[in-house]
Amino acid sequence: MTLASRTTLTLIATLGSAALLGGAFAFQYIGGLAPCQLCLWQRWPHAAAILIGVVALTTGTRGLLWLGALAALTTAGIGVFHVGVEQGWWEGLATCTAGSISGLSTADLLNPAADVAAPVRCDAIAWQLLGVSMAGWNVILSLGLAAIWATAARKA
């Protein structure tokens, strides 16, 4: 039985991060679930993994595959922290539980009629499947992607 080639594994890992990032945007823009600060942080490593995958696929640079694994592990790590905040295992960051006034003008701040969106809390689970939150699914799937990246990097 032949295992998938390095190129195939790299493509799978790259498309996996693209699918997770696309899913996050779909939940936000189609499903109306605004992301919290930690949700946004979990997106950046997926974007990096996509870029790394594209460069690795076009150049054949094997060392980049370890960077792809690191990107997947990074988003999984942020996700573990996020799950802990959601479950009350530890405190979140100050930006996770309080609204930010960045981007608001002085007039908006002083206008009681101004429509300012409520802050999205990192410690509130907005959606879950089978008892696992989006952050939890990101951890599970990202660890799988990290394993695919590492397998691709070890291929001859």
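The values are calculated or read from the model by the stated rules, or taken from the named source; none is laboratory data. In this text the structure is predicted, and so the values were computed from the model without any measurement. Heads up, the Cβs are rebuilt from the backbone with ideal geometry, glycines too, and the neighbour counts pull from every protein chain shown.
Observations on the model:
- Scanning the range 71-91 for residues that are under 30 Å from ARG6 (Cα atoms) and either touching a residue at least 40 places away in the same chain (Cβ under 8 Å) or surrounded by 22 or more Cβ atoms within 10 Å (Cβ to Cβ) (or both) returns ALA71, ALA72, LEU73, THR75, ALA76, ILE78, GLY79, VAL80.
- Residue, modelled with the highest pLDDT, within the range 26-71, restricted to residues that are part of a loop (DSSP other than H, G, I, E, B) and farther than 19 Å from ALA124 by Cα: ILE30
- Residue within the range 1-16 that is assigned to a helix (DSSP H, G or I), touching a Pro at 6+ places or on another chain (Cβ under 9 Å) and surrounded by 15 or more Cβ atoms within 10 Å (Cβ to Cβ) present: no
- Listed here are the helices (runs of 4 or more DSSP H) enclosed by the range 92-154 that have at least 2 residues being among the hydroxyl-bearing types (Ser, Thr, Tyr) and either at pLDDT 65 or above or farther than 30 Å from SER5 by Cα (or both): 94-97, 134-154.
- Selected residue [among the polar types (S, T, N, Q), in contact (Cβ under 8 Å) with a residue 24 or more places away in the chain and more than 18 Å from GLY144 (Cβ to Cβ)] from GLN42, GLN37, GLN28: GLN37
- Test: THR74 is part of a helix (DSSP H, G or I) and more than 14 Å from the chain's Cα centre (by Cα): no
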